[in-house]
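Scroll down for the structure; my scribbles are underneath it.
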Ligand code: TYM
């Protein structure tokens, strides 16, 4: 490489990519585990964020409802501070390169490795009447999402770690079979908040598909609802606010409080020394209310701006198609397509 070219290469910002499914309003878990980090990364990296609508087709959806949820999810992404002037924002199904690359990558993917994916096992147990092929090949589409943009880092919650490892395996396999083509992406999983737990069963991940609405906080919940969910959060029979094995409920609340207030767990422990669980839960609830308030207000404004949203996602799709087509053309040539 020429000196000048090498300099440009070194100064190039690292690339970030991540996505979220549009199946329901995002939860506090999505926000703390993923989107909050996405927002912060926009300053230092070249970022691409998208609504993974194709992924959500692996579970039965009601078409009219899904269409509405996709637009809402896009508006929510912007309301959470993802700025289309700084980041590439798009809707997955608007960019056809994703499904194309996914098919090509499925040729270098083994049946056995997909069978080992814990998400596939969990979801097929949960939807036993609909164990479709898409559920099985889901990680291949996810690998295509990431590899098309040559992402260096993928900010996700802990539950996506296995999919990232799979993506690296596929990229390495492709690179060694055909010659270097894909950047090997690294998961970016924050130390704190990567696994926000259910408020009703703190041994389970907080999930928007939980049957019990008290188990999760939606980022559009009103202050009253948020406060009452934290008030009824399951804890333990102890009284001390401290981070310890076996205190799953308190550990979860402490993590939420520490991330949103940028405080260490030690600092949180000191702040609540001698105070009871009631005071602590109230403080966590208030912190969450204040963190989510601007998002809810911005969403209320944005959801009526249909023309603006359409403009942003159309422009996003155009740019995403241009960027990802470069990788796809290379791939097609390398595998021997005419
Ligand atoms: P999804 O839509 O389930 O979740 C979006 C992001 O939120 C994180 N997350 C959590 N983090 C902490 N605590 C929780 N309780 C919690 N629940 C969810 C997830 O880890 C994720 O980062 N397969 C992906 C979407 C996807 C994707 C991609 C992600 C499709 N293609 C390419 C990254 C790169 C998914 O279903 O995320």
Practice task
Provide, for q = 0.10, 0.15 Å⁻¹, the log10 of I(q)/I(0) from a solvent-free Debye sum over equal Cα point scatterers in the stretch 108-238.
Solution key: -0.45, -0.87
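State, as an integer percentage, the relative contact order of the stretch 213-299 based on alpha-carbon contacts under 8 Å between residues 6 or more apart. All intermediate terms of the calculation are to be shown ahead of the outcome.
Numbers: 84 pairs, mean separation 32.0, N = 87.
37 percent.
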Practice task
Quick one: angle between helix 63-79 and the longest Cα principal axis of the chain, in degrees between 0 and 90, rounded to 10, please.
Solution key: 80
Exercise for the section: Quickly rank 243-249, 147-153 as a protection proxy: mean count of other C-beta atoms within 10 Å, highest first. Expected result: 147-153, 243-249
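When the chain is fully extended, how far beyond the present Cα-Cα distance does residue 240 get from residue 275, taking 0.36 nm per residue of separation?
Separation in residues times 0.36 nm, less the Cα-Cα distance, equals 11.8 nm.
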Completion exercise
Measuring from the longest principal axis of the C-alpha atoms of the chain, the long axis of helix 277-302 (C-alpha) lies at a number of degrees, nearest 10, equal to 40
Fill in the blank from the handout: Scoring the chain by relative contact order with C-alpha pairs under 8 Å, at least six apart, yields a percentage of 21
Fill in the blank from the handout: Nearest 10, in degrees from 0 to 90: the angle of helix 306-335 to the longest Cα principal axis of the chain is 50
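Which whole-number percent gives the relative contact order of the stretch 249-337, counting Cα pairs below 8 Å spaced six or more residues apart? It would help to have the intermediate numbers written out before the result.
Numbers: 20 pairs, mean separation 18.9, N = 89.
Over the stretch 249-337, the number comes to 21 percent.
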Exercise for the section: Give me the percent of DSSP beta bridges within the chain that run antiparallel, rounded to the nearest 5. Expected result: 10
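Classify the stretch 123-198 from the C-alpha gyration tensor, please: rounded if a/c falls under 1.5, else prolate or oblate depending on whether a/b exceeds b/c. Mind showing how you got there, number by number?
Details: a/c = 3.00, a/b = 1.24, b/c = 2.42.
Because a/c hits 1.5 or more and a/b fails to exceed b/c, the stretch 123-198 counts as oblate.
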Exercise for the section: Between residue 267 and residue 119, with labels modelled 7 Å along Cα→Cβ, what's the label distance in nm to one decimal, could you check? Expected result: 3.3
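Checking the a/c ratio against 1.5 first, then a/b against b/c, what shape does the Cα gyration tensor give for the stretch 252-337? Could you put the intermediate results ahead of the total?
Values: a/c = 5.88, a/b = 2.01, b/c = 2.92.
Judged from the Cα gyration tensor, the stretch 252-337 comes out oblate (a/c at least 1.5, b/c at or above a/b).
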Problem - FRET efficiency for residue 315 and residue 133, using Cβ-Cβ distance with R0 set to 22 Å, rounded to 0.05 - result: 0.10
Practice task
Return the whole-Å distance between the Cα centroid of the stretch 250-302 and the Cα centroid of the stretch 29-62.
Solution key: 22
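Provide the packing ranking of 269-281, 18-30, i.e. peptides ordered by the mean count of other C-beta atoms within 10 Å per residue, highest first. Display every interim value, and only then the final one.
Numbers: 269-281: 14.8, 18-30: 22.4.
So the order, starting with the most tightly packed, is 18-30, 269-281.
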Handout entry: With eigenvalues of the C-alpha gyration tensor scaled by 5 and rooted, the stretch 1-158, Å
Key = 28, 21, 14
Problem - Bins of 10 Å, starting at 0 and running to the largest distance - Cα pair percent for the stretch 213-299 - result: 18, 52, 27, 4
Exercise for the section: Would you please state the base-10 log of I(q)/I(0) at q = 0.09, 0.12, 0.13, 0.14 1/Å for the chain, with intensities from the Debye formula using one equal scatterer on every alpha carbon? Expected result: -0.52, -0.90, -1.04, -1.18
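Evaluate the stretch 66-143: find the radius of gyration of its Cα atoms, find its Kirkwood radius, and give the ratio Rg to Rh. Show your work: numbers first, answer last.
Details: Rg = 15.7 Å, Rh = 14.8 Å.
Rg/Rh for the stretch 66-143 comes to 1.06.
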Exercise for the section: For a quick protection proxy, order the peptides 160-167, 260-267, 122-129, 218-225 by their average other-Cβ count within 10 Å, most packed first. Expected result: 160-167, 218-225, 260-267, 122-129
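Any read-out appearing in this document is the output of simple, stated calculations on the displayed coordinates, not a laboratory observation. This one's a predicted model, so the numbers in the text were calculated from it and none came from an experiment. With ideal geometry, Cβ positions are generated from the backbone for all residues, glycine too; neighbour counts draw on all protein chains shown.
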